[in-house]
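The values are calculated or read from the model by the stated rules, or taken from the named source; none is laboratory data. Owing to the predicted nature of the structure, the values given are computational and were not obtained by experimental measurement. Note: ideal-geometry Cβ built from the backbone for every residue, glycine included; neighbour counts use all protein chains shown.
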Amino acid sequence: MLADLVDHVIGVDPDRDRITAVVIDASTKGEVDRIEVAASPAGYETVVEWADGFSEATSRVWSIEGAGSYGAGLCTTLQAEGEWVVEFDHPDSRSDKDGSKSDGLDAARAGREILGRSRLAIPRSRGPREGLRTLMVARRGAERARVAAVNTLKALVVTAPVALREQLRGLTANNLVDKCSRLRPGSDTDVEVAATKQAMRLVARRIISLAEEIKTIDDQLESIVEEMAPAVLDEFGVGPVSAAQTIISWSHPGRCRSEAAFARLAGAAPIEANSGQTQDRHRLSRGGDRHLNRALHTIVLTRARSHPETRAYISRKVSEGKTPREARRVLKRYVARHLFRLLENPAQPLDNT
């Protein structure tokens, strides 16, 4: 237990502009003192100096709620100074029995609850991994915007004037975007036709711009992944996007204690679904990191289409009575195990500075 290893736990509840920290005595779980500082380099320095007044760095641990969001700045500062930092996730209790809530109460809870845990969440690394994460955030936003723009363009075609609609009907999405991007609204005297063409051209050019943005991000993702974990990219069906998401979720060596824990994080761990006369059955997990689960799903679908060994495996499992979904579940579990081992034991050291 953590209570046997340290004298004090410093629970931290960060906000956008301020940080509330509470010192908890590890033996009594009583509150010793609390402080509120600005979420800035000066504030981080102040809170560390304040903590030094109660314990040495070797006899305390920091429990930060939201270490990957509002607490990222403090977490990075503490790790750079050699402090022991854990992430307080999935609280076991509500803020307080009577429903009261404050930053101080949340900070104290972060300190007290972590004392009873035997498995601690290590904050994710920054550096190149954080660079991948920011690019993936931008990519997902561009993807959503592109899908919305394509749907908008198709809706404009449906309600377009008859002559214009007939010119565009039946085109594939790519051909529709290309043709609409080259429309000339100024050549029409009819206001409705000219305005519709203008709207279509603007939306089509937005789609092209977003596609170029996604391509730029993918190129940068591939460049970073190639430096961090080239062995992952060499795997069949693993592209730069799937590889980047795998690294983001995995973070760094040792964060997931085993390949089984990584599979559970990915939502690829088998879940028993035995009931009545149905035995030896498992179902797909709906929990875990859904972005990582999607990456594994994409890899498995790519292999199922083009990888001879994977196709043969699925055919064999189906012939044994399993459904294609059950066969894919087993494959996702295999891919999770394989990628985890590649990342934990790379041919070349990963750069997680």
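Brief remarks on what is shown
- Residue in the stretch 209-216 that is outside any helix (DSSP H, G or I), modelled with pLDDT of 95 or more, out of contact with any helix residue (DSSP H, G or I) (no Cβ under 7 Å at 6 or more places or on another chain) and under 30 Å from Thr152 (Cα atoms) present: no
- Annotation: of all residues in the stretch 114-145 being more than 24 Å from Thr246 (Cα to Cα) and not polar (S, T, N, Q), the one that is surrounded by the fewest Cβ atoms within 10 Å (Cβ to Cβ) is Gly116.
- For Glu320: the one exception among (1) out of contact with any Asp or Glu (no Cβ under 9 Å at 6 or more places or on another chain); (2) at pLDDT below 85: (2)
- Among residues of the stretch 142-184 being among the basic types (Lys, Arg) and without any contact (Cβ under 8 Å) to a residue 40 or more places away in the chain, the one that is farthest from Lys197 (Cα to Cα) is Arg144.
- Hey, Ile224 modelled with pLDDT of 95 or more and farther than 26 Å from Val150 by Cβ or not: yes
- The stretch 290-329: number of residues that are under 22 Å from Glu272 (Cβ atoms), hydrophobic (A, V, I, L, M, F, W, C) and in contact (Cβ under 8 Å) with a residue 60 or more places away in the chain: 1
- Of all residues assigned to the stretch 148-160, none qualifies as being outside any helix (DSSP H, G or I), on the phi > 0 side of the Ramachandran plot and surrounded by fewer than 14 Cβ atoms within 10 Å (Cβ to Cβ).
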